[in-house]
1. Need the failing condition index for residue 61 against (1) of a type outside the set (D, E, K, R); (2) more than 22 Å from residue 397 (Cβ to Cβ); (3) at pLDDT 50 or above; (4) over 22 Å from the mean Cα position of the chain (by Cα), just the number.
2. Checking the structure you have, find out if any residue of the range 80-94 is under 14 Å from residue 341 (Cβ atoms) and either free of Cβ contacts under 8 Å to residues at least 12 places away in the same chain or part of a loop (DSSP other than H, G, I, E, B) (or both).
3. Take the conditions crowded, with 24+ Cβ neighbours inside 10 Å, in contact (Cβ under 8 Å) with a residue 60 or more places away in the chain and either touching a helix residue (DSSP H, G or I) at 6+ places or on another chain (Cβ under 9 Å) or not polar (S, T, N, Q) (or both) and apply them to residue 321. Does it pass?
4. Of all residues in the range 165-178, count the ones that are at pLDDT 95 or above and either part of a loop (DSSP other than H, G, I, E, B) or farther than 21 Å from residue 222 by Cα (or both).
5. Inside the range 193-211, can you point out the residues that are under 20 Å from residue 247 (Cβ atoms) and touching a residue at least 12 places away in the same chain (Cβ under 8 Å)?
6. Assuming residue 292 fulfils every condition listed in (1) closer than 16 Å to residue 48 by Cβ; (2) surrounded by 24 or more Cβ atoms within 10 Å (Cβ to Cβ) apart from one, which condition is it?
7. Within the range 426-439, identify whether any single residue is surrounded by fewer than 17 Cβ atoms within 10 Å (Cβ to Cβ), closer than 29 Å to residue 179 by Cα and of a type in the set (A, V, I, L, M, F, W, C), and answer yes or no.
8. Anything in the range 352-394 that is among the hydroxyl-bearing types (Ser, Thr, Tyr) and either over 30 Å from residue 115 (Cβ atoms) or in contact with a Phe, Trp or Tyr (Cβ under 7 Å, 6 or more places away or on another chain) (or both)? List them, or say none.
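The values are calculated or read from the model by the stated rules, or taken from the named source; none is laboratory data. No experiment lies behind these values; they were computed from the predicted model shown. With ideal geometry, Cβ positions are generated from the backbone for all residues, glycine too; neighbour counts draw on all protein chains shown.
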Amino acid sequence: MIRPLAAIAASVAVVGCALRDAPASPHDAIPATAASTVRSPIKHVVFVVQENRSFNNLFMGYPGATTASYGFDNHGHKIRLRPYDLAISWDLGHSAASFFAACDGTGQLPGTKCKMDGWNGENNTPNAPKNAPYSYVRRSEVEPYWNIASQYVLADRIFASNLDGSFIAHQYIVAAYASRAVDYPYGAWGCEGGKSDTVPTLHQDRTLGNPIRACFDNPTIASEADAAGVSWRFYAGNISGDGGLWSSYQADRAIFDGKDWSADVIDPPAQFLKDVGNGELASITWIAPTWSTSDHPSVDGTDGPAWVASVVNAVGTSKFWNSTAIFIMWDDWGGFFDPVKPVFKDYDGLGFRVPLLIVSPYAKRGSVTHAQYETASVLRFIEDNFGLPPLAKSDARANDPAADPAAFDYQQRPRKFKKIPGALSGSYWLPLQRAQARRARPGIILGDD
């Protein structure tokens, strides 16, 4: 059972003064001299969203990246990480309460000055094995991810912009903000739930606030793109079926109630492969997974690496390759151990570290960048590339990967694409996803996604 945030709120001391963003650390900003004055060759950005894995869980031992093979629990016991299959039958807590527990912080606010030894205190499903968060996935099961990293860029210092799970994370990938909401709604994950469908909120002092409707009126990349005449599409499962939880714009009132919902929110995700093959690619694209193509625990998700490889290959073998940047990011840590302390920015973040892969003909080859990023860094890249204004504090403060010399070089000759092994064609994915379109949400999955 999930331990709700309300259960710990009473024990949190109220901080009287309003919080400010923490001062930037020496690692926060990319040096100004690194910013390129070369005009961007990027005309298409593809944001591939994966689910619920920490950086260490998928890339433990990757050369040049910061990882660890063991951690500690809150009793001081050293625990060596155990390998588990990518597809597992249990889920780990990744709510705000689980973040505070895993951090085991000593700061005035919950989740600050982390000791990083409380992973054994997360709220997991009853069938989870002992010390389940202290685990990793063998390279052989996620070989396409390692292959992509070896050819392009792996960011090992990117943190989720939010400290909790997927409902909030999927607002940050489109709006860089979630109206101070925390955790997840108690009903539908968006406007379709009506006025009675609410989600808790979080105060500046990280105590629980009044619930609000799970249907937001925040500006989004889509609304800015529409105003600027920039095309966009969001590929995701049907909101009543397979992976539909992760269709971000269902919680945006303007999109959900407007013409964009039928015109630019596309179901199923595999339609992307067909569209690219037919010579269609929007300027800005998001792709969310289905249950089986996600890396989410407890959903029998074994297809994620092959799915991501298929998306990359579809773009790489198309006429769009020389003008595209692909970002592959996991939305939250999913409850899995990571050794790197999150950076405090505000009441809602930053969260734990997640993986980010950057693929482009202008991406550095086999680079591990240590620049500090967050979820909203991908939005910052989109905004700077297409001349869109910032949406919120998170994207305004976030580093733009285009300015990172360890990530991009717009002056280099576009690299010839080399196919990622393990991919499957659209003729495989599209019939499969159409057949599974009404697949129900797995029963073992926790409420925070």
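1. (4)
2. Kept after step one, since they are under 14 Å from residue 341 (Cβ atoms), are these residues of the range 80-94: none.
Within the range 80-94, none of the residues are under 14 Å from residue 341 (Cβ atoms) and either free of Cβ contacts under 8 Å to residues at least 12 places away in the same chain or part of a loop (DSSP other than H, G, I, E, B) (or both).
3. no
4. Qualifying residue count, the range 165-178: 3.
5. First pass over the range 193-211, keeping only residues under 20 Å from residue 247 (Cβ atoms): 193-194, 197-199.
Matches in the range 193-211: 193, 197, 198, 199.
6. Unmet for residue 292, out of (1) closer than 16 Å to residue 48 by Cβ; (2) surrounded by 24 or more Cβ atoms within 10 Å (Cβ to Cβ): (2).
7. no
8. Taking the range 352-394 first, the residues among the hydroxyl-bearing types (Ser, Thr, Tyr) are 360, 362, 367, 369, 373, 375, 377, 394.
Listed by number, the residues that qualify are 360, 362, 367, 375, 394.
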